[in-house]
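Let me begin by presenting the structure, written as structure tokens, before commenting on it.
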Amino acid sequence: MKAFPQTFYWGGATAANQVEGAFLEDGKGLSTSDVQPHGVFGDVVERVPGDTGLKDIAIDFYHRYPDDIALFAEMGFNCLRVSIAWTRIFPNGDDAEPNEAGLAFYDTLFDEMAKHHITPLVTLSHYEMPWALVKNYGGWGNRKVIGFFERYARTVFERYKGKVKLWLTFNEINMSLHAPMTGVGLPSDSSKAEVYQAIHHQLVASALAVKACHEIVPEGKIGNMLLGGLMYPLSCKPDDVFKTLQENRGWQFFGDVQARGAYPGYMLRYFRDNGFALEITDADRDALKSTIDFISFSYYMTGCVTADDALNQKARGNILNMVPNPHLESSEWGWQIDPLGLRTLLNVLWDRYQKPLFIVENGLGAKDKVEADGSINDDYRISYLNDHLVQAREAIEDGVELMGFTSWGPIDLVSASKAELSKRYGFIYVDRHDDGTGTLARSKKKSFDWYKEVIATNGASLKA
């Protein structure tokens, strides 16, 4: 019978700025997420005393994590992806010493996970960086930020080396091309040359973090994290096929650098053809040779590409713009649903890198209805996840080495794109709404017991 490996990691994925809240407690500094109260595409809003946004409290995971982790354990999680808020450790990014209260919080978080035999998968930077590094240095456009990030990484590796063995560097590192402030701390009107230079600094920093992890946590593993933006040609016209190749390379090159240790030739040509004279030093090239141990990625949807500008009516999905696929249905947020695309992407990444893969985000955002008896019948979410997991299992049969699956938002959280709570992903409902009202009480959705059975049977309960 087709099956998942016995060593498979089952769980969920969160991000500090979308669940923790407590945005200025215990010495935490302002992050770029804190000054983008309307999401990753929103304008920067300088904070003034007394103003609040949804992310400031989020779902109050900072104070409620023991109860939430107990619920994850009840579902059978053996893995939970979390991120460390850089500004809890170095509030301004360039502080002389780390903030002990911030370090202590993650100690207690990892200890709580250990009590329930849940393996932490920790992202170093998930859609946020210290706002002070943007204001005082110009974000990742400044080469000095590489050193600040490396020091932060080494600090947390040293602190948690006995507790955390699985690490990721930058969340969806390729999204900087579409939301520069969120990704690299640059204004949205920055030139492409400026963005690519900042991305280069981030790629060097990622490689230095990999090197540091291998030194400090020798028994650990560290991966990258890509936004899996798989594109199909809209037609079989050779022009459409080749443009699709180029579009896919636009995000795959990040994985090429991080997994192979150097810029691919097609990217160097792209820089030349567009007149982007990036500053890439010999020291940078040497640093990039420190390559990741595994590839992790998010997968929500696919899209189409055409060379025909007349047909280029764009549809927004997650971070990317893409032409809608006429053969696919869409969620209520307009994200096209393509389970087979996940199998395709897994095979593409396996063929390309021959490194273990990890699906660290996949899920369905929807408006959930609470019935009179308190139940939430989210059969649409069950269907979505079932169909994607069936295709993940098929990819394993294809020969893909798949480490695990952490669904995005195992508990309702503030969405990244527009900072909404009405777009819900969780198996666990949180009573909080877009206007900030609600008790923050947790309750189980129908999908809670469904996922619990999937994990208990190691995927055998999935319906093909």
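None of the figures in this text is laboratory data; all of them are computed from the coordinates on show. Remember, predicted model here, so these are calculated numbers, not experimental data. Note that each Cβ is placed from the backbone with ideal geometry, even for glycine, and that neighbours are counted across all protein chains shown.
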Check: Among 39, 377, 258, which residue has its Cα positioned farthest towards the positive end of the charge dipole of the chain, with +1 placed on the Cβ of Lys and Arg, -1 on the Cβ of Asp and Glu, and the dipole taken about the Cα centre?
Finding: 258
Note to self: With a cap of 13 neighbouring Cβ atoms within 10 Å, and only residues DSSP puts in a loop, list the chymotrypsin sites (Phe, Trp or Tyr not before Pro) found in the stretch 358-464.
What the structure shows: none
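Once the mean 1/r over all distinct Cα pairs of the chain is inverted, what Kirkwood radius in angstroms do you read off?
Radius from the Kirkwood sum: 22.3 Å.
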Notebook entry, point to check: In the neighborhood of residue 396, defined by Cβ-to-Cβ distances under 10 Å, what is the net charge if each Lys or Arg adds +1 and each Asp or Glu adds -1?
Noted result: -1
Checklist line | Between the stretch 71-98 and the stretch 11-57, the Cα center-to-center distance that results, in Å | finding: 14
Item checked: Summed side-chain charge close to residue 347 - residues other than residue 347 whose Cβ falls under 15 Å, Lys, Arg +1, Asp, Glu -1 -> -2
Notebook entry, point to check: Which is the longest run of the chain containing none of the trypsin sites (Lys or Arg not before Pro) found in DSSP loop states (not H, G, I, E, B) with at most 11 other C-beta atoms within 10 Å?
Noted result: 1-313
Margin query: Charges on Cβ only, +1 for Lys and Arg, -1 for Asp and Glu, centred on the Cα centroid of the chain; of 198, 185, 52, which one is farthest towards the dipole's positive end?
Written below: 198
Item checked: Calculated log₁₀ intensity ratio I(q)/I(0) where the Debye formula runs over C-alpha points of the stretch 136-290, q = 0.19, 0.21 Å⁻¹ -> -1.23, -1.43
Item checked: Selection of GluC sites (Glu not before Pro), the stretch 1-100, meeting DSSP coil and at most 16 other Cβ within 10 Å -> 46
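Give me the percent relative contact order of the stretch 9-456, please, defined on Cα pairs under 8 angstrom at least 6 residues apart. Mind dumping the intermediate values first?
Numbers: 917 pairs, mean separation 75.8, N = 448.
Relative contact order of the stretch 9-456: 17 percent.
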Margin query: Considering only C-alpha atoms, what is the centroid distance from the stretch 387-464 to the stretch 151-229, in Å?
Written below: 25
Item checked: Inter-centroid distance (Cα atoms) of the stretch 326-360 relative to the stretch 276-296, Å -> 27
Next item on the list: Return the percentage of antiparallel bridges among DSSP beta bridges fully within the stretch 270-403, rounded to the nearest 5 %.
Entry: 50
Notebook entry, point to check: What percent antiparallel are the DSSP beta bridges of the chain, to the nearest 5?
Noted result: 20
Margin query: Checking the cross-link filter: which lysines have an alpha carbon closer than 30 Å to that of residue 2, excluding same-chain neighbours under 8 positions apart?
Written below: 165, 221, 355, 444, 445, 446, 452, 463
Next item on the list: Return the loop-located GluC sites (Glu not before Pro) in the stretch 173-257 (DSSP other than H, G, I, E, B) with at most 13 other Cβ atoms within 10 Å of their own Cβ; answer none if there are none.
Entry: 219
Check: Charges only on Cβ, +1 for Lys and Arg, -1 for Asp and Glu: so what's the dipole of the stretch 9-456 about the Cα centre, in debye to the nearest 20?
Finding: 780
Check: Looking at 18, 283, 335, which one has the Cα that reaches farthest to the positive end of the dipole of the stretch 9-456 (charges on Cβ: Lys, Arg +1; Asp, Glu -1)?
Finding: 283
Check: How big is the charge dipole of the stretch 19-169 about its Cα centre, in debye rounded to the nearest 20, if each Lys and Arg gets +1 on its Cβ and each Asp and Glu gets -1 on its Cβ?
Finding: 660
